[in-house]
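Asks: I have a structure here, written as structure tokens, and I will follow up with some questions on it.
All of the numbers you see were taken from the coordinates with simple rules; none came from a lab. Since this is a predicted model, take the numbers as computed values, not measurements. Reconstructed Cβ throughout: ideal geometry from the backbone, glycine too, with neighbour counts over all protein chains shown.
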């Protein structure tokens, strides 16, 4: 009988540890921001886009304009039990360039520096009013005759 009691206790302890471990926070890191030691190698006014990529790697995000910059983004997320994941830290390293692709500035931002940017929705109005796509597509079916297809030679 003591064998069954030991197994029951061991089972209860295992279940208790399983339940307790489910209530611990789990952390995940996303992205990459270069270390300060690596950034010391970049010289403002001397290094170019190509040399920055060689020194610290390809950025997470880069702008598409002529004077756009490189952006390295890293965020840490915490997940606790049934709750939605929460961002606990974010770091953004912004390297800006001038028109000659030479480093102009290096800036570091954190989650505490975040600014909510309102997103504007731009809608292009069409001149056709409320006519739907399918109606436009099939609107010309039956709108022509055989004479239109074959010409006046009938």
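Asks: I want to check the label-to-label distance for residue 98 and residue 61. Put each point 7 Å from Cα in the C-beta direction and report it in nm to one decimal.
Replies: 2.6 nm
Asks: Rounded to the nearest 0.05, what FRET efficiency is calculated for residue 4 and residue 88 with R0 set to 35 Å and r the Cβ-Cβ distance?
Replies: 0.15
Asks: Hey, another quick one. Quick check on packing: order 43-49, 23-29 by the mean number of other C-beta atoms within 10 Å, highest mean leading.
Replies: Per-residue mean Cβ counts within 10 Å order the peptides as 43-49, 23-29.
Asks: Calculate the FRET efficiency for residue 77 and residue 41 from the Cβ-Cβ distance with a Förster distance of 25 Å, rounded to the nearest 0.05.
Replies: Plugging the Cβ-Cβ distance into 1/(1 + (r/R0)^6) gives 0.25.
Asks: Given the peptides 103-109, 78-84, arrange them by the average over their residues of other C-beta atoms within 10 Å, most packed first.
Replies: Per-residue mean Cβ counts within 10 Å order the peptides as 103-109, 78-84.
Asks: Taking a quarter of the surface of the convex hull around the Cα atoms of segment 25-118, what do you get in nm²?
Replies: The number I arrive at for segment 25-118 is 7.4 nm².
Asks: How far apart, in nanometres, would the label points at residue 111 and residue 27 be if each is projected 7 angstrom from Cα along the Cα-to-Cβ direction?
Replies: Each label point lies 7 Å from its Cα, and together they span 1.1 nm.
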